[in-house]
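Visitor: Let me begin by handing over the structure; questions about it come next.
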Amino acid sequence: MKTTKRILVLIVALACLMSVMSLAACDKAGGKGTKVGVAMPTQSLQRWNQDGANMKKSLEEAGFVVDLQYANNEVATQLSQIENMITSGCKVLVIASIDGSSLGNVLADAKKEKIPVIAYDRLIMETDGVSYYATFDNFKVGELQGKFIEEKLDLKNAAGPFNIELFAGSPDDNNALFFFNGAMSILQPYIDSGKLNVVSGQTDFATIAINEWKTERAQNRMDDLLTANYATGTKLDVVLSPNDSLALGIANALEQGGFVPGTNWPIVTGQDCDVANMKNVIAGKQSMSIFKDTRTLADKVVEMVKAIIEGTTVPVNDEKTYNNGVKVVPSFLCDPVFADVNNYEDILIKSGYYTADQLA
Ligand code: BGC
């Protein structure tokens, strides 16, 4: 009897100890089981899969419970996913919007429930329901693309003129204009002086923008540009592409148009360092891509979520650039860099972002 009692006491003590230990572990993790909703636009682009997976992993490691949803690039789907996150008890929302201006009503509901919202990568427009913005410096992304072109063509010294065509991203994505303005801050003076010649004459954002960032639409526009302006042997020196999904379409059109890497293939820019595009960089069909390490952004967002939940100061480093039409949204801007055929092994493989096999 005595022994049984002792065993019982021991079991109870052990159980107490374990529960204290697990509470401590939870406390250390910070998340304490708090539910966070993460709404991503689509799984059709590699980057958003990586963003979602990295954020889920980092948030879970910090002790949060994560509701991660992809919306197949459909605005209505994203709206109902966010609505569900609100009603199912998420305490913070992280949203990479599809159409930045379509979330006003659902974010008004979030605000009523006092749920802070972090706009992820893309700013959410025309609402005071967004609390913070975490992204890469979008103007700098464009600037890096412009500077790459400036350097490769030696625009500061060469006589030129060089022929260029311009592409921009989806007009419903606030980032698209930042990318374009960043690139044009470098290229416009050369266009004005005639050193860069846009043979098609198509330079305004509305004309060169590609809805929904679609590869096929970029391919069609590049086809048309080639047929109308380059069919009789006019040299094409460079194509400004804001990101990788467009750069893929542009490369397809160039290939079909008979361009050959290493001979008459133009400089083509990009962004995201998607696997297919880095393979194109290695094959000479794309000249560079902007690297935005999704691990860095995910970690920053986890820091922000933790600070919100713990009531400490949320890290931001820009409180003037991102006006969403209703308010200036306090932002954290991470630093983008470019990868090309000369540095990609250091930047992408040695950093553990990709294995050499993935790019082989
Ligand atoms: C992102 C880019 C991405 C594009 C298309 C932009 O908002 O910043 O990284 O390539 O959307 O998904």
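Visitor: Taking the options Val66, Val75, name whichever one is modelled with pLDDT of 95 or more, away from the ligand (no atom under 16 Å from the Cβ), surrounded by 13 or more Cβ atoms within 10 Å (Cβ to Cβ) and under 29 Å from Gly169 (Cβ atoms).
Guide: Details: Val75 fails: away from the ligand (no atom under 16 Å from the Cβ).
That would be Val66, the only listed residue that is modelled with pLDDT of 95 or more, away from the ligand (no atom under 16 Å from the Cβ), surrounded by 13 or more Cβ atoms within 10 Å (Cβ to Cβ) and under 29 Å from Gly169 (Cβ atoms).
Visitor: Could you look through region 234-270, keep only residues that are of a type in the set (Gly, Ala, Ser) and more than 14 Å from the ligand (Cβ to nearest atom), and pick out the one that is farthest from the chain's Cα centre (by Cα)? If you could, list the steps in order and put the result at the bottom.
Guide: Just the residues of region 234-270 that are of a type in the set (Gly, Ala, Ser), to begin with: 241, 245, 247, 249, 251, 253, 257-258, 262, 270.
Pick out the ones that are also more than 14 Å from the ligand (Cβ to nearest atom) and you get 251, 253, 257-258, 262.
Numbers: Ala251: 21, Ala253: 25, Gly257: 30, Gly258: 32, Gly262: 30 Å.
Ranking the qualifying residues of region 234-270, first place goes to Gly258.
Visitor: Could you figure out which of (1) more than 16 Å from the ligand (Cβ to nearest atom); (2) polar (S, T, N, Q); (3) over 18 Å from Ser289 (Cβ atoms); (4) surrounded by 15 or more Cβ atoms within 10 Å (Cβ to Cβ) isn't true of Thr207?
Guide: (4)
Visitor: What is the residue count in region 118-169 for residues that are of a type in the set (D, E, K, R) and open to solvent by less than 10 Å² (accessible area, probe 1.4 Å)?
Guide: Adding up the residues that qualify gives 2.
Visitor: Here's something else I'd like to know. Just to be sure I understand the filter: pairs with C-beta atoms under 7 Å, separated by 6 or more residues or on different chains, first member in region 172-192 and near the ligand (Cβ under 9 Å from one of its atoms), second member basic (Lys, Arg). Which pairs pass?
Guide: That search, which allows pairs on different chains as well, returns Asp173/Arg122; Asn174/Arg122; Asn175/Arg122.
Visitor: Sticking with this one: Applying the selection to region 31-56, what residues are more than 16 Å from the ligand (Cβ to nearest atom), surrounded by fewer than 17 Cβ atoms within 10 Å (Cβ to Cβ) and at pLDDT below 95?
Guide: Matches in region 31-56: Lys32, Gly33.
The values are calculated or read from the model by the stated rules, or taken from the named source; none is laboratory data. Computed from a prediction, not measured in an experiment: that's the story for all the values here. All Cβ positions, even for glycine, are placed from backbone atoms using ideal geometry, and neighbour counts span all protein chains on display. Heads up: the accessible areas ignore ligands, DNA and RNA and are worked out on the full protein's heavy atoms, side chains in. Shrake-Rupley method; radii C 1.70, N 1.55, O 1.52, S 1.80 Å.
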